[in-house]
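Input: a single structure, listed below in structure tokens.
The values are calculated or read from the model by the stated rules, or taken from the named source; none is laboratory data. Note that the structure is a prediction, hence the values are computed from the model and not measured. Here the Cβ positions follow ideal geometry from the backbone for every residue, glycine too, while neighbour counts run over all protein chains shown.
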Amino acid sequence: MKKLFAYEILMKKANADLRTSKKLLNDNDMDYDIVCFHLQQFIEKYLKSFLIYNNIEPKRVHSLEILLNDCVTVDNSFQKYYINEFLALTDCSVLI
């Protein structure tokens with residue numbers, strides 16, 4: 001059995017959050033704040049996985065902006081994600 005690295009484990013969990021979001025969107029009775037929560041979790045885990053892959057210990061925060069800032073220091077192409085809709089998802093992690 002292949003040993004998974006920490007970033008791979010985090011990516012698997014991130015992808016599970018994304019799958020959950022997609023499934024919940026098909027539920028007519030679903031509260032959209034729950035979908036947003038899972039989307040925020042997907043992005044947070046994805047960003048942290050990227051940092052771990054690049055040998056950077058991610059900060060223990062839920063702020064997508066803080067994590068995104070750290071990712072930009074490694075790869076400038078992450079700047080394209082500085083959009084309000086993306087950053088607004090941070091509230092979904094702490095308000096729910």
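Of all residues in the stretch 23-46, those being charged (D, E, K, R) and surrounded by 13 or more Cβ atoms within 10 Å (Cβ to Cβ) number 2.
Please indicate, with yes or no, whether at least one residue in the stretch 69-88 is among the hydroxyl-bearing types (Ser, Thr, Tyr), in contact with an Asp or Glu (Cβ under 7 Å, 6 or more places away or on another chain) and either closer than 20 Å to Arg19 by Cα or surrounded by fewer than 16 Cβ atoms within 10 Å (Cβ to Cβ) (or both). Scanning the stretch 69-88 turns up no residue that is among the hydroxyl-bearing types (Ser, Thr, Tyr), in contact with an Asp or Glu (Cβ under 7 Å, 6 or more places away or on another chain) and either closer than 20 Å to Arg19 by Cα or surrounded by fewer than 16 Cβ atoms within 10 Å (Cβ to Cβ) (or both). Every condition in (1) surrounded by 12 or more Cβ atoms within 10 Å (Cβ to Cβ); (2) at pLDDT below 95; (3) among the hydrophobic types (A, V, I, L, M, F, W, C); (4) assigned to a helix (DSSP H, G or I) holds for Leu51 except the one numbered (2). Picking from residues in the stretch 65-85 that are farther than 17 Å from Leu51 by Cβ and part of a helix (DSSP H, G or I), the one that is nearest to the chain's Cα centre (by Cα) is Glu85. Sub-8 Å Cβ pairs linking a first residue in the stretch 51-68 that is within 14 Å of Gln41 (Cβ to Cβ) and free of Cβ contacts under 8 Å to residues at least 60 places away in the same chain to a second residue that is among the aromatic types (Phe, Trp, Tyr) and surrounded by 14 or more Cβ atoms within 10 Å (Cβ to Cβ), at least 6 apart or interchain, are Leu64/Phe86, ordered by first then second residue.
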